[in-house]
1. Considering each residue of segment 162-175, count those that are at negative phi and within 18 Å of the chain's Cα centre (by Cα), and give that number.
2. Could you check how many residues of segment 118-129 are under 24 Å from K83 (Cβ atoms) and not small (G, A, S)?
3. Would you mind telling me which numbered condition in (1) free of Cβ contacts under 8 Å to residues at least 60 places away in the same chain; (2) of a type in the set (A, V, I, L, M); (3) surrounded by fewer than 21 Cβ atoms within 10 Å (Cβ to Cβ) I214 fails?
4. For residues that are closer than 24 Å to Y127 by Cα and of a type in the set (D, E, K, R), scanning just segment 37-62, find the one that is surrounded by the most Cβ atoms within 10 Å (Cβ to Cβ).
5. Out of F237, F197, F251, I need the residue that is buried (at least 16 other Cβ atoms within 10 Å of the Cβ), under 21 Å from K146 (Cα atoms) and not small (G, A, S). Which one?
6. Testing K83 on (1) assigned by TED's automatic domain parsing to the domain that holds S43; (2) without any contact (Cβ under 8 Å) to a residue 40 or more places away in the chain; (3) of a type in the set (K, R), one condition comes back false. Which one is that?
7. What are the pairs with Cβ atoms under 6 angstrom where one residue, in segment 63-75, is within 19 Å of L40 (Cα to Cα) and small (G, A, S) and the other, located anywhere, is buried (at least 20 other Cβ atoms within 10 Å of the Cβ) and at pLDDT 95 or above? Sequence gap at least six, or different chains.
8. With the requirement that a residue be farther than 18 Å from E155 by Cβ and among the basic types (K, R), what does segment 84-124 give you?
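The values are calculated or read from the model by the stated rules, or taken from the named source; none is laboratory data. Keep in mind that what you see is a predicted model, and the values were worked out from it rather than measured. Counting neighbours? That spans all protein chains shown, and the Cβs are built from the backbone with ideal geometry, glycine included.
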Amino acid sequence: MNKVLSSFLLLVCVLTKVGAQTSLPAQQAVLNKYQDSLVLSASKLFNAASNTERFDQNAKFIKTLVGALKTPHSFNYGFDSLKMISVIASPDHAFRIFSWYVPADDGTYRFFGTVQLSTKDGKLKLYPLIDGTAEISDPNVITTNKNWFGARYYEIVPLLVNGSNPFYALLGWKGNNKKTSKKVIDILSFVNEGIEFGKPVFQDSVGIPAKNRIVFEYNKLNSMTLRLDKAEGMIVFDHLAPFDPNMAGNFEYYASDSSFDGYRLTGNKLKLMENIELKNPPSALDDFYVDPKMKNPPVTKKF
């Protein structure tokens, strides 16, 4: 683990300026080589047979990724061949997020990532994401990139409120353990030259304090839909319920009951809308689960 933390310190060290500019064709060639190295490194990571090999390879992957992102104007390079991690840009092209996970032998996961900002001069500005899930006792707390409530994000939803800076809903898969999986709706805000995760905008009912983030937990053998429905103008998701009412609160026995709920931006809150009717019910998304013994890891889906 020390190697992993040391690798992330490299990300912290490159938050500032990048040196000399090179020609665009040269940058493309450099980034193509970096991408090839990253694809090979990611394959070794997900095919590693033990925790030690997995985290050692992950440290090498991080080092290579840092080198790639230090290339001037790297923000404009798509890394389209790098299918084993999630690389998604905000719809306004203000930033993008690299996020992935490393599966452990005990069925748990550790998450890694970084937020890369778009800069006018092409110089690098990063916010490394350091997974602090193990130390977060209350999943409703507001965190920073230094104690991130880790997830593998697959969709960014900009939320604009009059008179305030935009903030973004992040939809992600969080994994959990051998019995349950989790998904999360988190909020990313840019505050005082830094970033925050979580914001009191989720209003489930009148008179109840708004939540900072939403975490779903359900049986690992099941799947759960969580996505933006543009037609409905809301973030929609499966309503989860226990197989048996006597199992309430035991998420190992939770799955979709074939109904849908959603969050719609109303004023400055995301208000819960229950039992919504969708014209085209969304199909369930894969959970991006990787068994450490699998020989063929999953690829990033297009949403």
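1. From segment 162-175, those at negative phi are 162, 164-174; that's our starting set.
Next, from what is left, pick out any that are within 18 Å of the chain's Cα centre (by Cα): 167-174.
Residues in segment 162-175 being at negative phi and within 18 Å of the chain's Cα centre (by Cα): 8 in total.
2. Of the residues in segment 118-129, the ones under 24 Å from K83 (Cβ atoms) are 118, 124, 126-129.
From what's left, not small (G, A, S): 124, 126-129.
Here the count works out to 5.
3. (3)
4. Within segment 37-62, the first condition is being closer than 24 Å to Y127 by Cα, and the residues that meet it are 37-39, 41-42, 45, 54-62.
Cutting the leftovers down to of a type in the set (D, E, K, R) gives us 54, 56, 60.
Working: R54: 20, D56: 16, K60: 15.
Ranking the candidates gives R54 first.
5. On the way: F237 fails: under 21 Å from K146 (Cα atoms); F251 fails: under 21 Å from K146 (Cα atoms).
Every option except F197 fails the conditions.
6. Every listed condition holds for K83 apart from (2).
7. These pairs meet every condition: A68/Y34.
8. Scanning segment 84-124 gives R110, K120, K123.
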